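The values are calculated or read from the model by the stated rules, or taken from the named source; none is laboratory data. Worth saying up front: this structure is predicted, and the values here are computed from it rather than measured. So basically every Cβ, Gly included, is an ideal-geometry build from the backbone, and we count neighbours across all protein chains shown. Each accessible area value is taken on the protein alone, full model and side chains, heavy atoms only, with ligands, DNA and RNA left out. Shrake-Rupley method; radii C 1.70, N 1.55, O 1.52, S 1.80 Å.
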Amino acid sequence: MKPADTLFTNARFADGALTDFAVTAGRIVSIEPAGKAGPQPAGETVNLGGLLIVPGFVEGHIHLDTSFYGDAWKPHRPCTNGFDVHERVAFQAENMAKAAPMAERARKQLDLCIGNGSTVMRSHVMVDGSVGLKSLETILAVREEYRDHIDIQLVAFPQSGILKSPGTPELMDAAIELGADLVGGLDPASFDRDVEKHLDVVFGIAEKRGVDIDIHLHDFGTLGIFELEQIAARTTALGMAGHVAVSHAYSLGDVSADLARKTGDLLAKAGVAIMTNAPGDHGFPPVAMLREAGVTVFSGSDNIRDSWWPYGDGDMLSRASIIGYRSGFYTDEELALAFDVVTEGSARALRLEGYGLTVGSKADFVTLAAEHVPEAVIGVPKGRAVYKAGRLVARDGVVVR
């Protein structure tokens, strides 16, 4: 048998078994009980000391271009009359004009996320008439700098609307040509006030360019449910099951259980995934019910210390704990579900190839000082080591270069 590049010994997998696994060319090539003979390493042997080993976390929704993490503190500015997306966008523009250079802020946020164990990320980046393609060009360059540390999907995100911001449809199409991976959207009803024309643009670009979709949807109540129904209908009509996600979908946590369940069944049948970060100030999609219906549910930090809120630590294990806490998850099975939302669930939503801890998978993993996954979700242990393609990329929160 061909020698492995690296042999990792005494790894505690989720089933509790101590395991040795070998990595060659960035992928796991063998998994054996600890101490059993396997491919001998051509390079080094790394003893993981019985620590719990889990797949790298998937940061499924973040905004690299608008975070102020590591920059001067920006006091939160409340909306004048309840939550209003238009007003928050205006506040964001004012703050961004005074912020440190975007590339500098994006690097700091990436270091935070990688240090906490994220090995894959999906970031939404503003592409609209207010900024053109400048933000995307900046983040594309930063993505290239970090290519050996984290895989990053970028969404062309129309923060100022598609119809209300002149030239945005053309810019979003150009963004895909430039290197964005997905096309986004934003509150077709309440922001652009024309659900069909908004979705015409989003699904039209996706169909033309052969890319996936991830739409921000903040609208509450039956209005949000109607938009979810329209998105599901278009997904089915275009044969895009598994290629469409809706982020936030607050309406699913704002209507009756019967309507939420009915909508969940519709989303599952259409193959539309739902992202939630379990925000603290209002309802959010019922994770367990959606998963029971067959909906792919995933998560992300969303905003980290930006114009929308001052919170965010870039730690997807902490996010799993928040989801579990807010969902009333107590049993080991429920805590494992919260963990799945930031690992396997997010991997399904992002359609990641080679994700997990099996032979043939990419050797992207994190070490945790916990006996098992439920304890990790509750304890959120630090002192982690993060490996990308079998190479150490962060330890104790510090990125290794």
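Roughly what angle does helix 195-209 make with the longest principal axis of the chain, taking Cα atoms, 0 to 90 degrees, to the nearest 10?
Tilt relative to the chain: about 40 degrees.
Do any trypsin sites (Lys or Arg not before Pro) in segment 166-232 lie in a DSSP loop with no more than 13 other beta carbon atoms within 10 Å, and if so, which? Please report the intermediate quantities before stating the final value.
Details: sites: R193, K197, K208, R209; in loops: R193.
Passing both the DSSP loop test and the Cβ count: R193.
Extending each Cα 7 Å along its Cβ direction at E32 and F226, get the distance between those two points in nm, one decimal.
6.3 nm
Normalised by the residues of segment 1-141, what does the relative contact order come to in percent, with Cα pairs under 8 Å and at least six apart?
Worked out over segment 1-141, it gives 23 percent.
Rounding to the nearest 10 and keeping the result within 0 to 90°, find how far the Cα-based axis of helix 85-96 lies from the longest principal axis of the chain.
That works out to roughly 60 degrees.
May I ask for the Rg/Rh ratio of segment 1-101, computed from Cα atoms with Rh as the Kirkwood radius, given to two decimals? Walk me through the intermediate numbers first.
Details: Rg = 23.7 Å, Rh = 17.9 Å.
Reported Rg/Rh (Cα atoms, Kirkwood Rh): 1.33.
Give the separation of the Cα centroids, segment 264-288 to segment 60-76, in Å.
24 Å
Give K108/K382; K98/K388; K134/K164; K108/K388 a once-over and call out the pairs whose C-alpha atoms are over 27 Å from each other. Each step should come with its number before you reach the end.
On the way: K108/K382 19 Å; K98/K388 35 Å; K134/K164 19 Å; K108/K388 19 Å.
Those over the limit are K98/K388.
Evaluate the relative contact order of segment 278-401 (contact order divided by residue number), counting alpha-carbon pairs under 8 angstrom at least 6 apart; express in whole percent. Working shown, then result.
Numbers: 159 pairs, mean separation 22.3, N = 124.
Value for segment 278-401: 18 percent.
How many Å³ per residue does the convex hull of the Cα positions in segment 77-146 occupy?
Taking the convex hull of the Cα positions in segment 77-146, it is 120 Å³ per residue.
With all protein chains present, how much of the accessible area of segment 65-221 (probe radius 1.4 Å) comes from carbon and sulfur, to the nearest whole percent? Show your work: numbers first, answer last.
Values: 3120 of 6020 Å².
The computed percentage sits at 52.
Per residue, how large is the accessible surface of the chain? Use a 1.4 angstrom probe and give square angstrom. Display every interim value, and only then the final one.
Details: 15830 Å² over 401 residues.
I get 39 Å² per residue for the chain.
Be a star and scan segment 84-123 for residues whose amide nitrogen sits under 17 Å from the point 7 Å along the Cα-to-Cβ vector of R77.
Under cut-off, by backbone N: 84-100.
Explain nothing, just the number: relative contact order of the chain, from Cα pairs under 8 Å at least 6 residues apart, as a whole percent.
After rounding, I find 20 percent.
Not counting ligands, DNA or RNA, and with a 1.4 Å probe, what is H76's accessible surface area in Å² rounded to the nearest 10?
80 Å²
As I understand it, the value is the acute angle between the Cα axis of helix 257-270 and the longest principal axis of the Cα atoms of the chain; what does it come to in degrees, rounded to 10?
The two axes meet at around 70 degrees.
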